[in-house]
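The values are calculated or read from the model by the stated rules, or taken from the named source; none is laboratory data. Every value quoted in this text rests on a predicted model; they were computed, and no experiment measured them. Here the Cβ positions follow ideal geometry from the backbone for every residue, glycine too, while neighbour counts run over all protein chains shown. SASA here: full protein model, heavy atoms, side chains in, ligands and nucleic acids out. Shrake-Rupley method; radii C 1.70, N 1.55, O 1.52, S 1.80 Å.
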Amino acid sequence: MDINRNNGKNSAKLARGALILSMSVFGTIGLFRRLIPLPSGAIAFFRGLIGTLALLLIVLISRKKLDLRAIKKHLILLCLSGALIGFNWIFLFEAYNYTSVATATLCYYTAPIIVLIAAPFIFKERFGIKQGLCAACALIGMVFVSGVLNGGKIAVKGIIFGLLSALLYASVILINRGLGALSAYDKTIIQLASAAIVILPYTLIAEDIPLYVFNLKTVILLLVVGIIHTGISYALYFNSVGSLPTQSVAICSYIDPVVAIILSALVLKEPMGVWEIVGAVLILGAAVACELPSKRIKK
């Protein structure tokens, strides 16, 4: 009995460690975007393509099997959500271009609040006092983060792109609720492949990509974003969430924006004043609170 209990504890520790590692890696994506001299669409395309190949390789090595029947059943929703993921990446990468990594990331993490507001209309879920307070805190936090209270120049484009990326990500979350018990690997492989396919025409038509930027450094950075930030990190994330309580997953997921904010300040030297810090606390606090289950009094 003690051996089984110890094995269970060790498994939980490994799962938690894998989750923390994956979320920490996700938090560095803004820094890597700044280092890659390519348009946002091109980066998103290569991320989807390389990430798909990396996940397929992981599935092959681990001898997992794709459920082709389930994929076929949900193919339209998978392709739609994949397209949304692709343009979500483009808007997020553009947000990094027009504002600080911290601000863009915080805008992106209003997605849970958008889901919270949309769920009562789509799924007829109850919208109570807690949900209203979370939404209000996030809205106030966005005002603080925007820099309007500092009287300085507001990065309007960056904030709009960040919020658009959050809106698209929230749409993906809502669509994923309708995908039933589809395996996380099946779901993500098709979504990443769909993202790459949809983005490619946009990239070729709308973006100017000079061939000279494809030097060794750029290729290595793209491989890191595709393999490490997408393939391996997604695999670590999927392998951990099934072994941990939902509450733990919800809390650990906010390691991503915390890492992004720290890198923004320490590595990129992007300033963050008192009001922006207060706004960050309000947004992240509201997002965490809306994902945690409400306590019920037992009668």
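Restricting to DSSP H runs of at least four residues, report the calculated mean residue ellipticity at 222 nm for the chain, -39500 (n - 2.57) per run over all residues, nearest 500 deg cm²/dmol. Each step should come with its number before you reach the end.
Values: 15 runs with 219 residues, N = 299.
Taken over the chain, the calculation gives -24000 deg cm²/dmol.
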Using the heavy atoms of the protein chains alone and a 1.4 angstrom probe, what is the accessible area of the range 210-263 per residue in square angstrom? 48 Å²
Kindly report, to the nearest 10 Å², the accessible surface of E94 as traced by a 1.4 Å probe over protein heavy atoms only. 40 Å²
Choice from A287, A260, A18 showing the highest fluctuation, given a GNM over the chain with Cα pairs closer than 10 Å: A18
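Roughly how many percent of the accessible protein surface of the range 164-269 is carbon and sulfur, given a 1.4 Å probe and a whole-percent answer?
Numbers: 3580 of 5060 Å².
That fraction is 71 percent.
Within the chain, which DSSP H helices have Cα atoms that stretch 27 Å or more along the helix axis and a mean Kyte-Doolittle hydropathy of at least 1.6? Kindly include the intermediate steps, with their values, before the conclusion.
On the way: long enough: 2-26 (36 Å, -0.11); 40-61 (31 Å, 2.22); 75-98 (35 Å, 1.47); 156-176 (30 Å, 1.94); 184-206 (32 Å, 1.30).
Helices meeting the span and hydropathy rule in the chain are 40-61, 156-176.
How large, in percent, is the carbon and sulfur part of the accessible surface of the range 64-109 at a probe radius of 1.4 Å? Each step should come with its number before you reach the end.
Working: 1390 of 2170 Å².
Here carbon and sulfur together make up 64 percent of the probe-accessible area.
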Let me make sure I get this right: for the chain, a, b and c are the square roots of the gyration tensor eigenvalues over alpha carbons, sorted descending. Under 1.5 in a/c it's rounded, otherwise prolate if a/b > b/c, else oblate. Which is it? rounded
Residues of the range 53-142: accessible area per residue at 1.4 Å, in Å²? 55 Å²
Residue with peak Gaussian network fluctuation, the chain [Cα springs, cutoff 10 Å], from S264, S233, S11: S11
What order do you get for 71-80, 169-178, 222-231 when each peptide is scored by the mean count of other beta carbon atoms within 10 Å, highest first? 222-231, 169-178, 71-80
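Which pairs break 19 Å Cα to Cα here: K217/K269; K64/K187; K13/K65? Could the numbers behind the result be given before it?
Details: K217/K269 23 Å; K64/K187 14 Å; K13/K65 27 Å.
Over 19 Å apart, Cα to Cα: K217/K269; K13/K65.
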